[in-house]
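Below is one structure, written out as structure tokens, with a few remarks after it.
Bear in mind that the values in this text are calculations on the coordinates, not laboratory data. Remember, predicted model here, so these are calculated numbers, not experimental data. Using ideal geometry, Cβ is built from the backbone for each residue, glycine included, and neighbour counts are taken over all protein chains shown.
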Protein chains: 2
Amino acid sequence: MAGMKEKIKKVAIHHFYKRGYFATGINDIARSAGIQKSSIYYHYANKEDILFDILETTMEKLDANFEKYIRGKVSPEEQLKAAIEGHILFHVRWQKETLISDSELRGLTARNYKTILEMRDAYETKFQEIIRKGIEEGAFEDMDYKVASYGIITMCTSVANWFRKSGRLKKEDIADIFNRILLKGLKPAG
Amino acid sequence: MAGMKEKIKKVAIHHFYKRGYFATGINDIARSAGIQKSSIYYHYANKEDILFDILETTMEKLDANFEKYIRGKVSPEEQLKAAIEGHILFHVRWQKETLISDSELRGLTARNYKTILEMRDAYETKFQEIIRKGIEEGAFEDMDYKVASYGIITMCTSVANWFRKSGRLKKEDIADIFNRILLKGLKPAG
DNA sequence: GTCTATAGATGGATAGAC
DNA sequence: GTCTATCCATCTATAGAC
């Protein structure tokens with residue numbers, strides 16, 4: 001069937017999100033895709049390969065999303081605000097995928113693990129550079145820019161954990177609240 | 001052997017932290033504890049029971065830690081600062097346990113899951129109440145206190161993910177940086 | 001490209017001796 | 001309180017027919 005690989009990926013995302021990678025069996029994925037488990041192996045070399053596919057494409061999309069939001073922004077303040085907004089909206093839009101990216105890295109063997117980690121590090125470095133430059137220019141308070149970036153990124157990543165489309169607030173509201181706290185928090189006092 | 005239950009718990013924490021709950025076998029735990037896997041079942045009813053024991057005692061200690069730090073603090077600002085400091089230092093002190101608490105809840109069946117979730121909700125509510133009161137009194141900017149608390153708690157929880165004892169900064173430095181960003185970020189602008 | 005059948009390993013858990 | 005032995009379910013992955 002054409003598109004079966006995409007279907008397998010889609011149902012795998014659902015299961016990895018709901019129960020976790022190790023708790024999900026090839027059988028669960030096959031059943032949800034409407035095929036026999038052996039047919040999975042025509043499309044993917046093994047179970048880890050499915051996870052890696054999900055993580056790799058998610059990281060690629062996350063990076064493209066960053067570049068889209070940052071385009072045209074010049075000052076560190078503008079850039080950070082755009083980066084935070086983009087990061088939050090992405091984690092709402094791709095809630096399942098980002099949650100898997102955040103919690104299932106241990107399912108990867110050394111080589112694949114390294115690949116994804118390098119992509120994540122490259123992404124975090126972009127955030128860090130914005131903050132580092134902002135501190136350098138005096139737009140942000142002097143502080144350890146790496147620790148600050150860890151905290152900021154994780155805070156924004158967390159929306160994937162608790163955001164509900166049926167909730168009181170829209171995703172744009174969340175982005176506004178977090179941006180208000182974080183930008184004010186980074187600016188030099190009085 | 002006296003203390004074997006504690007030993008099992010200790011090596012289980014190590015394995016759950018390193019590889020995750022589902023990826024860890026009863027055999028791994030038994031080997032690390034220096035006994036046969038069947039002997040595990042003299043001390044614990046089943047595998048999940050070990051996980052539940054870890055999560056329950058961690059949540060109890062986290063709550064006691066909160067109360068210890070909050071004691072004597074009156075204003076919302078003082079209280080939030082103390083709560084944040086206590087939360088961060090706890091997550092550094094009990095790094096493995098808190099990381100498991102944060103990522104292995106899915107290993108629990110319904111009843112146990114509910115128990116731990118209620119403990120976590122009660123803890124988060126204490127944070128939320130501080131922020132809600134601070135907004136009410138005008139000490140903090142008017143914003144959705146629940147969303148703010150989710151972000152703040154997750155940001156502080158994140159230290160369990162990346163803090164290294166061998167790193168450049170001491171745990172107290174991290175607490176200072178985060179408190180500076182967050183308290184300034186919550187205070188009304190100008 | 002999907003199927004049936006099954007290999008081969010490992011998982012959690014129990015029985016009963018000591 | 002720990003052991004040996006074992007049951008039985010489940011898991012990933014492969015072989016080979018269609």
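Please tell me if A:Glu56 is more than 15 Å from DNA strand D (Cβ to nearest atom), among the acidic types (Asp, Glu) and not in a loop (DSSP other than H, G, I, E, B).
Against the criterion (more than 15 Å from DNA strand D (Cβ to nearest atom), among the acidic types (Asp, Glu) and not in a loop (DSSP other than H, G, I, E, B)), A:Glu56 qualifies.
Looking at the structure I just gave you, is B:Lys37 more than 30 Å from B:Ile130 (Cβ to Cβ) and more than 21 Å from the chain's Cα centre (by Cα)?
yes
What tally of residues in segment A:134-187 results from selecting those that are facing chain B (nearest Cβ under 9 Å), polar (S, T, N, Q) and buried (at least 18 other Cβ atoms within 10 Å of the Cβ)?
The total comes to 3.
Which condition does B:Asp28 not pass, out of (1) closer than 22 Å to B:Ile153 by Cβ; (2) part of a helix (DSSP H, G or I), if it passes all the others?
Failing condition for B:Asp28: (1).
What about B:Gly20, is it within 14 Å of another protein chain (Cβ to nearest Cβ) and more than 10 Å from DNA strand C (Cβ to nearest atom)?
yes
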